[in-house]
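Contents: one structure, followed by commentary.
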Amino acid sequence: MSAVAQGRRLAGTVVTEDGAEIVVYTHGSPDAEATVVLSHGWTMSALGWRPHIDALTRPRPGFPALRAVSYDQRGHGRSTRGRAVLDMEVLGRDLEVVLRQATVPEDGPVLLVGHSMGGMAVQQLAALRPELFGTWVSGVGLFSTCLDEVGPVPAEPPDRPAHRRTHAERWVADGLLRSPSWAKAVHRLLTGPLSHPSAAPLWRALFGPGPRTETVRADARSLRDIPPLTVAEFYAALTLHDCAGRLGALGRVPTRILVGAQDCYTPPAQAARLADDIPGATLHTVPHQGHDLPYERPVLVVETVQALLRDLRERTRSPEPDLALPMAAAQ
């Protein structure tokens, strides 16, 4: 990792095997009790974590100051796209590189927190490198994300409305990739007039009720900075995400899941399936919130990180089972 201006809290740039330059930011003291790695969602950037980072790195009575690491996903913010075909597995590999370069487990617990696409990156890492969980990674927070197909839960027998929506999403993704002019038109529509609240209804239709006008503006600003075809490539990748049956490693560490009750992009039913796939995971459904939950409720995110630390302390205090007793009895 190349050292750069610490005054801007820019820790450095990680270069992946396919040439993507991933920009990494560090915040807080390296002597903190724990480190939190924050992985943002589709069309967002590391800047979206600023309120959470300010709260996490500032000591308060009963809550220690933590170290925080954030980064721009490839093709987002200040990170470059690289040459690889974009899929969720690539993002999992990117997260591993960031994790290894920016954290040292010997200095204290490392917690991974991911929102939406960032949560999928955490899942992909767990599926690809399960040995990191319980050794390098000590806790996980998954916010507004899903186990596999974005949108409605796959039903048995097939639910026709859900099937139609899934088919439509993949048709839209394919169309965006095939038609640059269409991708640009959708891009302009979503970014909208940033100074006018008329953009808000469209975002609410996509992500569920909840986002205030200022949140919509922040979303639109982040999206405006990403090339339309890169947005389309990531959208196509999101529709193919699938970690079902591959997340056993997350059962080794405290895992907490948050979802907005009115999230229609990664809905509560998907969050329930995710929780069922992770042994011991805790699921919290937040009333009156949509997909922008972490940005609408930053305090709740900070409280969840602190809860993960409490979970870790409780595990440390709990005595290990005495495996020698059955052997002695058998003799």
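Things to note:
- In terms of the mean number of neighbouring beta-carbon atoms within 10 Å, the peptides 262-275, 134-147 order highest first as 134-147, 262-275.
- Gain on full extension, evaluated as 0.36 nm per residue between Arg317 and Asp242 minus their Cα-Cα distance, stands at 23.4 nm.
- Highest mean first, the peptides 118-126, 301-309, 15-23 sorted by other C-beta atoms within 10 Å per residue fall in the order 118-126, 301-309, 15-23.
- Under-5 Å amide H pairs with Leu283, H placed in peptide plane, nonlocal only: Ile257
- FRET efficiency estimate (nearest 0.05) - Cβ-Cβ, Asp225 to Arg60, R0 25 angstrom: 0.15
- The range 24-35 - phi-based ³J(HN,Hα) in whole Hz, Karplus 6.51/-1.76/1.60, Gly and Pro as x: 10, 10, 10, 9, x, 7, x, 8, 5, 4, 8, 10
Just so you know, all these numbers are worked out from the coordinates, no wet-lab data involved. Every value quoted in this text rests on a predicted model; they were computed, and no experiment measured them. Using ideal geometry, Cβ is built from the backbone for each residue, glycine included, and neighbour counts are taken over all protein chains shown.
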